[in-house]
Each structure stands twice: as structure tokens, then as C-alpha cells.
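J.: Shown below is the structure under consideration.
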Amino acid sequence: MTHNCSFLEALDLADDQLSFADGRRESHATDFGTEQNDGGGVLPDAVVWPECTDDVSAVLAAATDRGVPVTPYAAGTGLEGNAVPAHGGISLDLTRMDAVADYRPDDFQIDVGPGIIGSDVGEYISGDGLFFPPLPSSGDISTVGGMIATDASGMQTVRYGEVADWVLGLEAVLADGTVVRTGSRASKTSSGYNLTDLIVGSEGTLAVVTEATLELAGRPEQIRGGRAIFETLDDATEAVFDAVRTDVGVARIELVDGLSATMANEYLGSDLPDAPMVFLEFHANHGVEEEIDLCRTIFEDHGVARFEMSDDDDEMDALWRARRELAYAVRSYDPVLEPLHPGDVTVPISSYPTVVREAKRLADEYDLLVPCFGHAGDGNLHYSVLVDPDSPEQVERGEECYREIVELAIELGGTATGEHGIGQGKREYLEPEHGGGAVEAMRTIKRALDPTDTLNPGKIFPETAAGERINGRDR
């Protein structure tokens, strides 16, 4: 649906903060996980680049008054169409709000704008021996605002938790332009509703974050990394489960199956063995060798073929680069095949071997390539179902394979999306996972905070898959 956004010209915005140009609009109609002409979003009617909280407030108040939807946007690295417009309107690009507002190293805290790149936060604080532990694998290309919107997590989640665990407070703007502050600078609080956690993970459907207070951690004195190579994928996943159950002091424990290793080698020119692997990194201030020895012993009980640790920074950088760039490697592996959807299920750690085993079994059953990798330590499985998009029969098989893996994860007590959010791609799984009553409670919160359905309509809720807005607009 097309919306008249000429009212934006009357706001106190500089000329370079507003665009109606086709090229600008087209660049905001897709993200990494969508294609504009194949399941992506629709063109926004305008793009706005706010530079301060007042800009965000003015745009939202004016848009709400006129019934124009607003979709927050940043780096465009999302995988479920979270930041892609579903109903036109305004694409609110927050990348210019990328400043460090305040830094308090003695308190292990930093206040940042939503448009700052995650790795830039790391560089800013590294001189004080601090780091931001939940930084996801895409932290060098994704923004803090995007991480908060999807409650992202990364390779170190098994030890440090997800982004929500490290957000102390937020400044955010509601749909009507009201500016609110949530949380505090204290390390804990039991004062009132936890609005911070409500906004984190809401994908811009409840408020637009304009500043975040992040908690930081001291960098451990001992960091060691390496890899373990297994004969079978079952051995690898069982070893991961056993290590996590035993509470080995590992900060990263990542699964890479043989197919994923082959894809990484072709993409990067690396020389990973064509075998199931577990990438490891241990953090400690003392006693790291004892943790490594314990992990080695556990892995030996599961038939590990090789357990290799390294002190060479370049060698470890190459290893982690192979893991970080697997999404690109999968996409470029075959000129004919394309990934259907980004698989992102998470299950209780005891069920991790089951979900990986079933994913590979389904790949064989449907005669499809399904590379499997992911943050194994917290039960997170990333997978891609590769199909020829010009073959309707193969696409149908691929959709069924993808769906069965998601449904299995939910059946095992897990989730359809561990860190990518619901967006547009996972709406149909919201009610099977949470139940109708819980989803209706979510709708009630959405209606209370955004009665005009201004903020990011078309996301999260199942009915919006049919092109509706949750409160009846644009029907």
C-alpha cells in the first residue's frame, strides 16, 4: 500500500535526512535474508535518517497521527525480514545514531546509539581490557540496535548469555513520540515492570531504541582455542552435550559438519578436513589447561579422532573466520542452488544430538543438501536447505524438509528461532511454539503500546502473513 509521506518535508529535518528517491527506497526494501522480488518486503514510500532522539520522536508522532507505518532499519543484516517494510510507509534508518554517549569503565558500562556497529564498541573499550561478551558472529557488520531488536547472541553464549543479559537500560521512543527510559545503571533492580526486557527482542514493534546502556566484562587473562575432529556427526554432538553437562569452562563450542567444512574451503580457500568438527575456545583467569584437559578427556570418551589446541593467533583467526563466514560460503557453494530460509532452531542441550541427527536424516530423505553448523553449546542449530529455485518440485521438498526441522525443535521443547527473531519468516510458528493464549497476550501488549499499529507492522504475528496490520489498518 502506498502512503503519502509529504508531511515529512515539514519536519525539522535536513535535506540529506529525507529521501523519496527510488534507489534509496529500493536499498531499504530488502535485507541479507530476503530478496525484494522473492519474499522480501515492499518499497517504503520514504527513507528517513534521524540523527537524534528528537528526530525519531517527531517522525513517529507525525506518522502515527496520519496512520503511516514506520519500519526501523539499520545495517540490513537480518535474516528474517525483520527490518524490511511489509506495508510501505517510512523506513527509519538509524545508522547515523552511532555515537558513544558515555563510557564508564570503572562501572563496566557504556551508553551507545543504536546505529553503532558491534565491533566498534569492542574497539572503543579494548584499551581498558574490556569486551562486550554477547557480540554475535556478525558483530563486525551489524548494529547494536539490530542486536537488541532480535535479542541476538553469538558464539560465546554458552558462557556469557545473550544480548538481553547485557542490556541494563534503554532510551526508546513509543509510537506516539513519547520518549521513555527503562532500567537503570544499577546491576540489578526489582522496581516495576521490566520494560527493558520487554523491548529487547520485540523487533521494533513496540518502540524504537535510541540509546542503550550496555554492561561490559573484563577480558579473561587466559584464552586458548582449537578444534576437535570426529569420525561421525553423532560423536561430535554427543561430545558437545557431555561437555556442556559437565560444565567444562568453555566460552565457544561450535559445531561444523563435513558439508559445511567443504563449503568453507571452497569459499575461503581454507584446508579444513572434510569431517565433523567442533571449534573450541576456553576463557579463564587461571587454570585454563585443566579445563582443556577435562574437555579432551570427555571428547576421547566419544571417539574424537584429533583434539588440537593452538597458541597461534593467526591460526585461530583463520579457524574462526571459517565459522563466521559460513553463511556466505553456503550461498556461494553452487551457482544453481540457493538456500530457502535461514534455519535457526534451538533445543535443550540434551536434545541437540537428536535435532542434528534428524536434520541430516531429513536431508537424505528429501535428497537435498542441508549443511548444519551452529552454536552447539547452547543448543542452537543453523542449517540451510539448498534447492534449485527453478524447480517447483525441489522447492516443495525443501519447504517440507525445513518445516519438519522447525516443528521437531518445538516438539523437543525448543524454539523456532534462537537468535534471528520472528520477522516475516517465522510467523507461522509463533502459536505452535507459545500457544494461542500467550500470543494473544503479546497482541494485547502491542495494541496497548502501539494502538495505531505504526511500528513495524507485518512482523511477528501470524495474521500479518496475509498482508493485514494487527489493529486492522490497511485491510
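The values are calculated or read from the model by the stated rules, or taken from the named source; none is laboratory data. Because the structure is predicted, anything quoted here is derived from the model rather than measured. Quick reminder, even Gly has a Cβ in these numbers, built from the backbone with ideal geometry, and neighbours come from all protein chains shown.
J.: Cβ-Cβ under 7 Å, sequence separation 6+ or interchain: first residue in the stretch 404-426 and on the phi > 0 side of the Ramachandran plot, partner among the basic types (Lys, Arg) and in a loop (DSSP other than H, G, I, E, B). Which pairs?
T.: So the pair list comes out as 423/459.
J.: Restricting to the stretch 290-314, name every residue that is touching a residue at least 24 places away in the same chain (Cβ under 8 Å) and among the acidic types (Asp, Glu).
T.: 291, 301, 308, 311, listed by residue number.
J.: Right, another one. Considering only the stretch 256-281, state which residues are touching a helix residue (DSSP H, G or I) at 6+ places or on another chain (Cβ under 7 Å) and free of Cβ contacts under 8 Å to residues at least 40 places away in the same chain.
T.: Listed by number, the residues that qualify are 271, 274.
J.: Of everything in the stretch 333-350, what is of a type in the set (Gly, Ala, Ser) and within 17 Å of residue 257 (Cα to Cα)? Give them in sequence order.
T.: Within the stretch 333-350, 343 is the sole residue that qualifies.
Rundown of residues vs (1) within 30 Å of residue 157 (Cα to Cα); (2) assigned to a helix (DSSP H, G or I), yes/no style:
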residue: 362; (1), (2): yes, yes
residue: 377; (1), (2): yes, yes
residue: 381; (1), (2): yes, no
residue: 404; (1), (2): yes, yes
residue: 438; (1), (2): yes, yes
residue: 451; (1), (2): no, no
residue: 471; (1), (2): no, no
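J.: Of all residues in the stretch 66-99, count the ones that are charged (D, E, K, R), assigned to a loop (DSSP other than H, G, I, E, B) and surrounded by 19 or more Cβ atoms within 10 Å (Cβ to Cβ).
T.: So the count comes out to 1.
J.: Answer with yes or no whether residue 431 is touching an Asp or Glu at 6+ places or on another chain (Cβ under 7 Å) and acidic (Asp, Glu).
T.: No, not satisfied.
J.: Please pick out the residue among 381, 369, 430, 412 that is surrounded by fewer than 24 Cβ atoms within 10 Å (Cβ to Cβ) and in contact with a Leu (Cβ under 8 Å, 6 or more places away or on another chain).
T.: Just one listed residue meets the conditions, 369.
J.: Specify which of the listed residues (140, 102) is surrounded by fewer than 16 Cβ atoms within 10 Å (Cβ to Cβ), out of contact with any Pro (no Cβ under 9 Å at 6 or more places or on another chain), free of Cβ contacts under 8 Å to residues at least 12 places away in the same chain and farther than 18 Å from residue 165 by Cβ.
T.: Of the residues listed, the single one that is surrounded by fewer than 16 Cβ atoms within 10 Å (Cβ to Cβ), out of contact with any Pro (no Cβ under 9 Å at 6 or more places or on another chain), free of Cβ contacts under 8 Å to residues at least 12 places away in the same chain and farther than 18 Å from residue 165 by Cβ is 102.
J.: Regarding residue 306, is this residue in the same structural domain as residue 252 (by TED's automatic domain parsing) and either buried (at least 18 other Cβ atoms within 10 Å of the Cβ) or part of a helix (DSSP H, G or I) (or both)?
T.: So residue 306 does not fit the description; no.
J.: Take the stretch 305-322 and flag every residue that is among the aliphatic types (A, V, I, L, M) and more than 31 Å from the chain's Cα centre (by Cα).
T.: The answer is 305, and nothing else.
J.: Which pairs do you get when a residue that is without any contact (Cβ under 8 Å) to a residue 24 or more places away in the chain, found in the stretch 61-74, comes within reach of a residue that is among the charged types (D, E, K, R), reach meaning Cβ atoms under 9 angstrom, with the pair 6+ apart or on two chains?
T.: Close Cβ pairs satisfying both conditions: 65/176.
J.: What are the residues in the stretch 232-255 that are in contact with a helix residue (DSSP H, G or I) (Cβ under 8 Å, 6 or more places away or on another chain) and of a type in the set (Val, Ile, Thr), if any?
T.: 237, 240, 244, 246, 248, 250, 253
J.: Can you tell me how many residues in the stretch 186-218 are modelled with pLDDT of 95 or more, part of a loop (DSSP other than H, G, I, E, B) and of a type in the set (D, E, K, R)?
T.: 1
J.: Search the stretch 328-348 for residues being surrounded by fewer than 19 Cβ atoms within 10 Å (Cβ to Cβ) and assigned to a helix (DSSP H, G or I), and hand back the single one that is farthest from the chain's Cα centre (by Cα).
T.: 332
J.: Okay, moving on. Considering only the stretch 143-153, how many residues are farther than 15 Å from residue 213 by Cα and surrounded by fewer than 24 Cβ atoms within 10 Å (Cβ to Cβ)?
T.: Looking only at that region, the number is 0.
J.: Here's something else I'd like to know. Quick one: which of 104, 96 is modelled with pLDDT of 95 or more, basic (Lys, Arg) and within 30 Å of residue 65 (Cα to Cα)?
T.: Checking each option against the conditions leaves just 96.
J.: For residue 253, state whether it is in a strand (DSSP E or B), among the β-branched types (Val, Ile, Thr) and at pLDDT below 95.
T.: Judged against the criteria, residue 253 is not a match.
J.: Further question on the same structure: State which residue is surrounded by the fewest Cβ atoms within 10 Å (Cβ to Cβ) when the search covers only the stretch 19-65 and only residues that are among the β-branched types (Val, Ile, Thr) and modelled with pLDDT of 95 or more.
T.: So, considering only residues that are among the β-branched types (Val, Ile, Thr) and modelled with pLDDT of 95 or more, the one surrounded by the fewest Cβ atoms within 10 Å (Cβ to Cβ) is 53.
J.: If you go through the stretch 200-213 one residue at a time, do you hit one that is outside the structural domain of residue 348 (by TED's automatic domain parsing), among the small types (Gly, Ala, Ser) and either closer than 23 Å to residue 311 by Cα or surrounded by fewer than 24 Cβ atoms within 10 Å (Cβ to Cβ) (or both)?
T.: Scanning the stretch 200-213, I find at least one residue that is outside the structural domain of residue 348 (by TED's automatic domain parsing), among the small types (Gly, Ala, Ser) and either closer than 23 Å to residue 311 by Cα or surrounded by fewer than 24 Cβ atoms within 10 Å (Cβ to Cβ) (or both), so the answer is yes.
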